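Trainee: The structure is given below, and queries will be raised subsequently.
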Amino acid sequence: MRPERLARCAHAVQELPPGPLASAPDGDVAQLVVHLYLCERLSTYRIGERTGMDRQRVGRLLAQAGVAVKPRGAGRRRPRNDKQVVLDALMARLYVESRLTSGQISALTGVSERAVRSRLRASGVQMRTRGRLNREDRMNVPADELVRLYVADGLSAADAGRLLGVSRQTVLRAAHDEGLPVRVGGPEPTSGPGEIELVNALYSDSLVQSALRRHGISRRPPGGPIWQRFPVPVPVTPQLAEELYVRCGLGVRHIELLTGQPSQTLLRLLEANGIARRPAGGRTPFMRRWRAGSQTTMPQDGPA
């Protein structure tokens with residue numbers, strides 16, 4: 001504040017009439033309120049406590065004097081809290097290295113789960129997707145056992161899952177993540193496409209290219225687990241889901257490979273928007289088109 005303003009504030013404070021300030025006219029206490037807020041840097045709450053006025057009146061007087069009141073919590077810089085720094089570092093290690101959930105960290109530290117997630121984000125920690133089977137913590141299957149049972153011995157995903165103690169979906173997803181040849185529906189070929197080959201085929205399809213370009217979805221290089229390719233899944237609108245599923249003839253797994261959205265989320269989206277699902281079993285129109293080596297145009301109205 002300028003020196004002349006400080007002098008005016010000090011003079012106005014000295015000229016205040018005796019008696020309780022809470023009952024004094026606004027014109028008599030306005031300069032005092034401005035002085036306390038700008039010169040002594042008190043908050044509106046502290047000014048109210050000192051003068052006996054309510055906070056609303058303090059704010060009104062400041063506004064009438066043309067003083068901009070800072071939003072709550074935007075005051076002076078607070079001193080560094082070393083205990084909070086240590087706690088933030090501990091929570092980050094528990095979340096990133098020990099793979100604990102925010103709920104488990106909350107139970108250990110006594111900090112609310114919402115505050116845990118807020119502090120982790122403030123520390124620059126990349127948050128995992130939430131849920132019991134989030135994309136990063138899906139059950140792992142030993143790669144050597146998967147190769148032996150599913151590839152070498154030719155067992156089905158269901159049979160391999162029973163021997164490994166996991167579901168069929170877990171076996172198929174692990175095979176995709178490992179880049180193993182995954183057998184598709186219908187008559188089983190002697191060797192199916194690996195995920196990298198499948199992703200490249202999806203991006204090479206003319207119908208898929210048009211749909212992705214129309215909806216502004218960029219290409220992601222194949223290889224690695226789906227959660228690494230898509231740290232943040234691409235939002236899928238009902239229009240995009242219908243175009244990829246109906247017009248392009250993709251399966252939900254194919255759409256997941258292009259967007260990072262989990263298959264179950266895509267299935268719920270299709271159901272919620274009245275998009276008819278194809279009968280179970282057999283190959284998708286995209287797979288038949290790819291196998292045939294053609295890029296024929298699919299019908300634009302209704303499922304293929």
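Taken together, the values in this text are just the output of simple stated rules run on the coordinates, not laboratory data. As the structure is a computational prediction, the values presented were derived from the model and not from experiment. Cβ coordinates were reconstructed from backbone atoms using ideal geometry, including for glycine residues, and neighbour counts include every protein chain displayed.
Trainee: Decide, for region 195-292, between rounded, prolate and oblate: order the square roots of the alpha carbon gyration tensor eigenvalues as a ≥ b ≥ c, take rounded if a/c falls under 1.5, and otherwise choose prolate if a/b is larger than b/c, else oblate.
Mentor: Verdict is rounded for region 195-292.
Trainee: Going by average Cβ neighbours within 10 Å, how do the peptides 216-225, 256-265 rank, with the highest at the top?
Mentor: The packing order, highest mean first, is 256-265, 216-225.
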